[in-house]
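These notes concern the structure reproduced below.
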Amino acid sequence: MRTAPVSVTPADAKIGPKPPLRRFHQARWDEPLLFELSTPGERGVLVPEPEVPLDGAVPNELPDALRRTAPPALPELSQLHVLRHYLRLSQENLGADLNIDVGQGTCTMKYSPKINEQFARDHRVAELHPLQDERTVQGVLEIVHRLEGMLAEISGMDRVSLQPGAGSAAIYANVAMIRAYFADRGELDQRDEVITTIFSHPSNAACAKTAGFKVITLYPDADGYPDLEALKAAVGPRTAALLITNPEDTGIFNPRIEEFVRTVHEAGGLACYDQANANGILGITRARDAGFDLCHFNLHKTFSTPHGCGGPGAGACGVSEALVPYLPRPTVEFDGTAYRLDDDRPGSVGKVRPFYGVVPNLVRAYAWIMSLGAEGLREVAEVAALNNNYLMKKVLEIRGVSAPYAEGRRRVEQVRYSWAELAEDTGVHSEEIGLRAADFGTHYWTSHHPYVVPEPMTLEPTESYSKADLDEYAAILAEVAREAYDDAEAVRTAPHRSTVHRVREETLEDPATWAVTWRAYRRKILGA
Amino acid sequence: MVNPVAGLGGRAGLKGSDGAAVQARARALGARPRASERAALALAELRARLGGVPPVLTAAGPMGADAAGAAGAAFEVRYEPGDPTAPADTRAAARALAPLVDLLLFAGGDGTARDVLDAVGASVPVLGVPTGVKMHSAVFGVSPRAAGEAAAAMASGGVPLRDAEVMDLDEESVRQGRVSARLYGHLRVPDVPVRIQQRKTGSSAPSPGSVEGIAAELAARVPPSDLLVLGPGSTTRAVAAALGADVPVMGVNALRGGTAVATDLPAEPLAALARSGPAWVAVTPIGGQGFLLGRGNQQISPETLRAAGRDRLLVVATEAKLAALGGRPLLVDTGDDELDRELAGHVRVITGRSRTAVYPVR
Ligand SMILES: Cc1ncc(COP(=O)(O)O)c(C=O)c1O
């Protein structure tokens with residue numbers, strides 16, 4: 001670590017030799033799109049000509065309607081050009097393997113051990129096809145079956161399905177099971193309300209509404225905890241279920257969670273636990289022990305599999321005995337000698353994605369759990385909570401920042417902070433602080449839905465980061481806050497040493513302008 | 001010190017009580033001055049908490065002596081107002097009392113607060129007993145009793161003071177459909193959180209998406225043949241627009257089946273209308289401050305609320321508006337203690353189509 005500041009722009013000259021902040025300057029390549037780099041005829045791999053003419057020799061059973069009339073539009077490049085392109089792009093990024101990635105609270109950005117990549121990319125996994133005969137995929141079915149059993153034990157639930165492709169898909173599967181359960185009992189017309197809390201992940205409310213339920217949201221009580229009195233006012237004969245995240249996305253653990261579950265049960269409803277924030281409670285407390293009927297995990301958060309840039313992640317639903325018949329199909333069954341996929345489940349809510357789960361991620365999660373064991377999982381939770389509370393102490397020493405709700409109390413694995421005071425004092429907003437942090441080689445991101453806490457910042461250090469990492473991160477925030485008070489302009493115009501200066505957020509939020517594929521880019525941006 | 005005419009215009013739907021003409025019209029519409037009564041309520045609370053009222057210096061007759069007498073307090077008159085009283089009397093009385101007291105307790109609204117500020121500035125701690133129509137300033141107790149409670153806390157010692165905003169409603173933005181208030185200055189008030197109301201934030205025009213959801217939910221709940229009374233506010237106005245009616249932002253308006261049947265209703269005709277058949281009342285809290293009833297919508301009287309019934313009182317707010325309350329409860333001060341008690345607890349707030357929140361009310 002060096003202490004001298006980097007002199008790149010006039011704003012940098014004012015930073016001064018403060019704490020031992022790392023020198024960082026991001027690459028900038030003006031890199032064109034692959035399609036723009038394309039040269040007609042250029043190839044990465046030259047496929048040998050067939051020794052015998054194939055015309056007419058290979059039967060083509062594709063219906064005419066599915067046949068191309070013209071070759072596909074693909075960029076034409078050599079391997080080296082492709083490699084160089086992606087290396088350059090990676091240098092213009094702040095990836096999880098590059099920076100101290102604690103700034104994406106609610107995402108549990110932990111380190112994904114590279115050995116797990118080797119397992120997932122092993123040809124025995126990578127070359128499987130979902131339509132292969134069951135007898136030829138016994139190994140991977142065994143991994144899935146064992147992983148289900150482990151997650152059942154971690155949650156205390158009776159049965160687990162690994163089919164969902166992400167957390168929200170798992171929540172949706174759970175809501176679909178709740179609906180099927182009440183439909184079977186003839187109570188669905190009467191029970192049309194789902195209760196959640198404002199700091200439960202918004203996917204809970206969204207999935208309930210998508211499944212046709214009315215949504216009731218509880219706000220925190222005067223102490224900043226989920227409001228038990230509000231729950232009592234909300235439950236009744238219309239209650240189908242409680243969908244609740246715990247700890248909530250503020251890092252606050254609901255101390256009366258058992259009473260919440262009991263209150264809903266007494267009204268005849270089901271209790272469904274969003275355990276996507278399980279990283280701070282693994283091996284310490286379990287959904288079933290608090291009386292929950294259903295729960296879900298995000299394997300791409302708690303169990304270290306990559307987030308996959310919005311997909312595919314991997315989700316897991318756990319249910320109690322009474323709900324097993326409704327699990328998504330197929331299930332993986334083991335009769336003592338062989339594994340098989342059971343698709344003959346009349347009560348099932350059906351498929352929540354094609355085939356069975358995101359297998360490479362299931363392999364990674366299995367490897368991760370196997371490498372840690374039960375005691376290791378508990379240690380993960382303990383270190384994650386310790387890291388978080390250590391960072392919280394350091395962050396709260398910074399001028400202008402607070403941790404609203406349940407003030408003065410500790411958090412579990414993440415904290416939703418507020419820069420409201422700093423914004424009031426300096427006019428600098430939270431988003432600008434996150435961007436200025438990029439000049440020091442890290443960042444934080446706007447994962448604070450719903451926007452209830454003013455000027456939010458959500459940090460979740462997980463177990464992956466060392467004390468030195470956390471000290472460095474806190475020192476960066478302290479430095480940016482100091483700048484906000486001393487030289488607000490330097491922060492407002494940040495980043496100064498990054499590839500991209502400002503992204504026009506509104507273009508990312510508007511379906512008319514967002515473009516995540518080349519085709520969409522051509523249509524929406526180039527007008528082609 | 002009591003501004004005897006404060007609040008007179010509110011029950012008559014007049015958005016303010018300034019000027020002799022407005023006051024005469026309010027009286028003609030059946031309004032009755034209640035400022036003295038509310039000031040006495042604050043003193044009664046003060047006595048209950050302290051086991052007695054500390055020595056009271058006040059102005060004569062309706063400007064304070066009546067209230068002190070009604071509360072059974074021993075008082076001395078230090079100022080004689082004219083008849084009828086005028087804003088100049090408020091300023092003169094404040095100047096006469098300020099050097100002699102530890103706390104200047106005044107009953108009135110935003111206009112009274114501005115007069116007090118003009119007269120005595122930050123030279124003495126003050127506290128407002130809310131009796132006016134517009135109370136966007138942060139110098140008032142959330143109710144007369146809360147003001148009495150805060151005054152008692154101050155008399156017992158150890159309560160710090162803080163600067164609190166005195167606001168002036170921006171008439172221009174009211175005409176444009178945005179209720180927002182302008183900062184006029186600061187007074188020193190005892191810092192007793194929750195008991196003192198928060199400054200109203202200039203709630204910007206609500207995003208249409210969620211308001212349309214709220215409107216759709218109201219349309220689904222209220223039968224087209226029933227009366228729908230909409231309280232003032234930009235949320236309720238946008239809801240009215242989504243239901244097909246164009247109504248003024250500040251008044252209380254009544255709709256039936258998506259058409260306005262009466263706009264800008266005063267308390268009495270409104271209560272009569274509400275009694276004439278099944279009626280629903282939809283109100284929205286004041287942004288940032290949380291008042292649901294009793295501030296800016298006094299035309300919706302306890303009589304109207306009782307005629308509609310608790311089940312037909314619909315509270316509407318966007319989630320952003322609830323979020324902006326920062327965890328503070330919704331507040332009610334209908335002027336009817338029993339009704340306030342019935343409304344306290346938790347209320348279902350309609351935040352969109354098939355979406356509600358359960359929110360505390362105090
Ligand atoms: C608590 C919680 N629940 C649910 C989800 C939704 O998961 P996903 O993004 O995989 O759909 C998340 C996402 O991070 C979460 O933090």
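The values are calculated or read from the model by the stated rules, or taken from the named source; none is laboratory data. Computed from a prediction, not measured in an experiment: that's the story for all the values here. Cβ: placed from backbone, ideal geometry, glycine included. Neighbour counts: every protein chain shown. Note: areas computed on protein heavy atoms with side chains; ligands, DNA, RNA excluded. Shrake-Rupley method; radii C 1.70, N 1.55, O 1.52, S 1.80 Å.
Points to keep in mind about this one:
- Global form of chain A, assessed from the alpha-carbon gyration tensor, a/c cut-off 1.5: oblate
- Carbon + sulfur, % of accessible area of the range A:411-454 - ligands and nucleic acids excluded, 1.4 Å: 56 percent
- Taking each of A:301/A:394; A:110/A:301; A:393/A:467; A:394/A:467; A:110/A:467 in turn, the alpha-carbon distance tops 19 angstrom for A:301/A:394.
- Each Lys or Arg adds one and each Asp or Glu subtracts one; over the other residues with Cβ under 15 Å from the Cβ of residue A:76, this totals -1.
- Accessible area buried at the A-B interface, both sides summed, 1.4 Å probe (Å², nearest 100): 1400 Å²
- Environment charge at residue A:456 (Cβ cut-off 11 Å; Lys +1, Arg +1, Asp -1, Glu -1): -2
- Percentage relative contact order, chain A, counting C-alpha pairs under 8 Å, at least six apart: 19 percent
- Inter-centroid distance (Cα atoms) of the range A:55-76 relative to the range B:83-139, Å: 86 Å
- Förster radius 45 Å - calculated FRET efficiency between residue A:526 and residue A:487 (Cβ-Cβ, nearest 0.05): 0.65
- Shape of the protein assembly as shown, Cα gyration tensor, a/c cut at 1.5: prolate
- In a reduced charge model with +1 at each Lys and Arg Cβ and -1 at each Asp and Glu Cβ, chain A shows a dipole moment near 540 debye about its Cα centre.
- FRET E, pair residue A:47, residue A:514, Förster distance 41 Å, beta-carbon r, rounded to 0.05: 0.70
- At a probe radius of 1.4 angstrom, the accessible area of the protein assembly as shown per residue rounds to 44 square angstrom.
- Taking chain B as a Gaussian network of alpha-carbon nodes connected by springs under 10 Å, the highest mean-square fluctuation of the residues B:130, B:302, B:99 belongs to B:99.
- For the options B:154, B:135, B:63, a Gaussian network treatment of chain B with springs between C-alpha atoms closer than 10 Å singles out B:154 as fluctuating the most.
- Peptides B:72-79, A:390-397 ranked from most to least packed give A:390-397, B:72-79, packing being the mean of other C-beta atoms within 10 angstrom over each peptide's residues.
- Helix-derived mean residue ellipticity, 222 nm - over the protein assembly as shown, DSSP H n ≥ 4, -39500 (n - 2.57), to 500: -10500 deg cm²/dmol
- For the peptides A:84-94, B:255-265, A:362-372, the ranking by mean Cβ contacts within 10 Å, running from highest to lowest, is A:362-372, B:255-265, A:84-94.
- Qualifying aspartates and glutamates (Cα of each under 13 Å from Cα of residue A:114; at least 8 residues distant if same chain): A:97, A:122
- Dipole of chain A, positive end: most advanced residue of A:254, A:383, A:62 [Cβ charges, Cα centre]: A:62
- Taking the DSSP beta bridges with both ends in the range B:210-361, the antiparallel portion is around 55 percent.
- For the range B:8-190, share of DSSP beta bridges that run antiparallel, in % to the nearest 5: 45 percent
- Using a Förster distance of 60 Å, the FRET efficiency for residue A:118-residue B:86 (Cβ separation, nearest 0.05): 0.10
- Accessible area of chain B belonging to carbon and sulfur atoms, whole % at 1.4 Å probe: 51 percent
- Count Lys and Arg as plus one, Asp and Glu as minus one, and take only other residues whose Cβ is under 12 Å from that of residue B:88; the net charge is then -1.
- Relative contact order of the range A:123-370, defined on C-alpha pairs under 8 angstrom at six or more residues apart (%): 27 percent
- Mean separation of Cα contacts under 8 Å, 6 or more apart, over the residue count of chain B: relative contact order %: 14 percent
- Test item: Cα-centred dipole of the range B:8-190, Lys/Arg +1 and Asp/Glu -1 on Cβ, debye: 460 debye
- Bridge type composition, the protein assembly as shown - antiparallel percent by DSSP, nearest 5: 50 percent
- Residue among A:356, A:405, A:423 farthest towards the positive dipole end of chain A, charges placed on Cβ: A:423
- Hypothetical label at residue A:289: residues of the range A:150-174 whose amide nitrogen lies under 16 Å (7 Å Cα-Cβ projection): A:151-158
- Within 10 Å of the Cβ of each residue in B:347-356, the mean number of Cβ atoms contributed by other protein chains is 4.
- GNM on chain B, alpha-carbon springs under 10 angstrom: the most fluctuating residue among B:268, B:80, B:37 is B:80.
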